[in-house]
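The values are calculated or read from the model by the stated rules, or taken from the named source; none is laboratory data. For clarity, every value in this text was computed on a predicted model and none was experimentally measured. Positions of Cβ are generated from backbone atoms using ideal geometry, with glycine treated the same way; all protein chains shown enter the neighbour counts.
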Amino acid sequence: MRLILSASALSPTLPLLPSRALATTSSSTNSSSNCNRATVRCENRRIIFCSSSTSNCGAIGFSALRTEKQARSRRRCDCTAIYSPDHSGSSPEETDEQFVVVNFYRFVPIRDPESEVAKHLAFLKDLDVHGRIYLNEQGINAQYSGPSKDALSYVEWLREDGRFSDILVQVSPALNGHAFPKLKVQFKPLVQLEGGISTLPLLDPSIRATPLAPSEWKKKLRTVNASTGECVVLDVRNGYEWDIGHFRGAKRPEVDCFRSTSFGSSQSKVVSNSDPLADVDKEKTEVLMYCTGGIRCDVYSTILRKKGFKNLYTLKGGVSHYLENEGPTGWVGNLFMFDSRLALPPSAYKPEAIAETHVQEQLLDEDKFAKCHICGSSVRELRHRNCANLDCNLLFLCCEDCIDSFRGCCSSSCTTASRLRPVLPGHQRYKKWHVYRDLEV
């Protein structure tokens, strides 16, 4: 059997497919789901594109189905493409070994989370999977990497449980093997927030913000940019994430950790610059919330609801789901990742949107929002690096000149520290701290 993967799950070593490279194209219609699909053959690979805007398409990219027959028989779809190697191209074994990163979450009551943890560990023990999987009474939150066969086998197994049968799963390319050092499956809060989240009504969808599909979100953004009405685009991430990529119109969040997020808590106009929701009309203002995968928005929307905000909307599946479906329209820059990759360009999610990516790069030149932490000059490389000072380890943006001048450090004071790691070229990441802990100048 052949493993069917999303096009966005392709390894970066595979070539992108510009329109001029397409050799043959044929279309078909799925009458049961009103789905229009086009099969494209290019360089011994076959991609099935679904152009349907509905959610009941049979072309499933992230469902981890293993045969085309199964893919056609299923009705749910949250993706844009299916990738499978052609008989004359890569073998099933090669496809199975391509590393991917998988993300998903689901709010659902779990009566015995500790027993659930043990069950998940038992299934995962023979799979080559690294990452973080948290379970508690409120559901599951997972980010992990592995060879596609193992990574998607876990999704298949999870979906056999009715509580997770239609869970939205996001798959993205791993740049160089595992994106996480080891596997952690724990009974733990799904996210960390000041005061905890155990008392938040996360299981009640009527309290959470209204989810908008990527196409709906794009329409909302256009309306926001064209009107003078009451509307706020709220980035529910950290400031350093905004620094390398964000939706146009969203202010930089003055937050370094989601745990300390406090939007909507301000009562004075003095702090309005740091709180986009300060002094807004809670009854009339539309708040469009977004984050990387969606869970931070869902969690924080329950807090804003309790504070009296009426018109709350979230981007379903977060920015990653949007980039996969709509490309970089309205988005500027890259997307920050909380794993060894640190950042991904929009083309990693939608390789066929090459023309859109060129336009996005032109907008980046105009905005020049990414600044060097040291000298303040514009930074073209939208990827953070850690300070070479082992005892600092600050995550920061830096221009090439300052990397050389400050020996990979974030400040002049760090250059004289007692434990300096070597300056790493390009996109390399430092190894775990214990590798360098005995270093001396």
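Overview of results
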read-out: Residue list for region 418-431, restricted to those being part of a loop (DSSP other than H, G, I, E, B) and crowded, with 17+ Cβ neighbours inside 10 Å; value: Arg421, Tyr430
read-out: Members of region 147-159 found to be in contact with a Ser or Thr (Cβ under 9 Å, 6 or more places away or on another chain) and under 14 Å from Lys125 (Cα atoms), listed by number; value: Ala151
read-out: Residue in region 352-360 that is in a loop (DSSP other than H, G, I, E, B) and at pLDDT 90 or above present; value: no
read-out: In region 121-151, residue farthest from Val171 (Cα to Cα) [restricted to those that are assigned to a helix (DSSP H, G or I) and without any contact (Cβ under 8 Å) to a residue 60 or more places away in the chain]; value: Ala122
read-out: Among the residues listed as Leu175, Leu168, Leu158, the single one being among the aliphatic types (A, V, I, L, M) and touching a strand residue (DSSP E or B) at 6+ places or on another chain (Cβ under 7 Å); value: Leu168
read-out: Of all residues making up region 185-217, the number that are among the charged types (D, E, K, R) and either loosely packed, with under 14 Cβ neighbours inside 10 Å or free of Cβ contacts under 8 Å to residues at least 40 places away in the same chain (or both); value: 3
read-out: Selection status of Leu193, touching a Pro at 6+ places or on another chain (Cβ under 8 Å) and either more than 30 Å from Phe309 (Cβ to Cβ) or part of a loop (DSSP other than H, G, I, E, B) (or both); value: no
read-out: Neighbours by Cβ (under 7 Å, 6+ apart or cross-chain): first from region 310-328, in a strand (DSSP E or B); second of a type in the set (Val, Ile, Thr); value: Asn311/Thr285; Asn311/Val287; Leu312/Thr210; Leu312/Val287; Tyr313/Thr210; Tyr313/Val287
read-out: Residue list for region 286-309, filter: of a type in the set (Val, Ile, Thr) and assigned to a helix (DSSP H, G or I); value: Ile295, Val299, Thr302, Ile303
read-out: Selection status of Leu168, surrounded by fewer than 22 Cβ atoms within 10 Å (Cβ to Cβ) and in contact with a Gly (Cβ under 7 Å, 6 or more places away or on another chain); value: yes
read-out: Which listed residue is crowded, with 17+ Cβ neighbours inside 10 Å and basic (Lys, Arg), from Lys182, Lys220; value: Lys220
read-out: Filter result (surrounded by fewer than 14 Cβ atoms within 10 Å (Cβ to Cβ) and farther than 17 Å from Cys372 by Cβ) within region 382-412; value: Asp391
read-out: Residues satisfying the stated conditions in region 238-286, i.e. loosely packed, with under 15 Cβ neighbours inside 10 Å, modelled with pLDDT of 90 or more and hydroxyl-bearing (Ser, Thr, Tyr); value: none
read-out: Asp235 acidic (Asp, Glu), modelled with pLDDT of 90 or more and either surrounded by 13 or more Cβ atoms within 10 Å (Cβ to Cβ) or at positive phi (or both); value: yes
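Each row is one residue, and each column tells you yes or no for (1) at pLDDT 65 or above; (2) in the same structural domain as Arg296 (by TED's automatic domain parsing); (3) crowded, with 20+ Cβ neighbours inside 10 Å; (4) out of contact with any helix residue (DSSP H, G or I) (no Cβ under 8 Å at 6 or more places or on another chain).
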{"residue": "Tyr83", "(1), (2), (3), (4)": "no, no, yes, no"}
{"residue": "Gly89", "(1), (2), (3), (4)": "no, no, no, yes"}
{"residue": "Phe104", "(1), (2), (3), (4)": "yes, no, yes, no"}
{"residue": "Val108", "(1), (2), (3), (4)": "yes, no, no, no"}
{"residue": "Arg111", "(1), (2), (3), (4)": "yes, no, no, yes"}
{"residue": "Glu116", "(1), (2), (3), (4)": "yes, no, no, yes"}
{"residue": "Ala122", "(1), (2), (3), (4)": "yes, no, no, yes"}
{"residue": "Lys125", "(1), (2), (3), (4)": "yes, no, no, yes"}
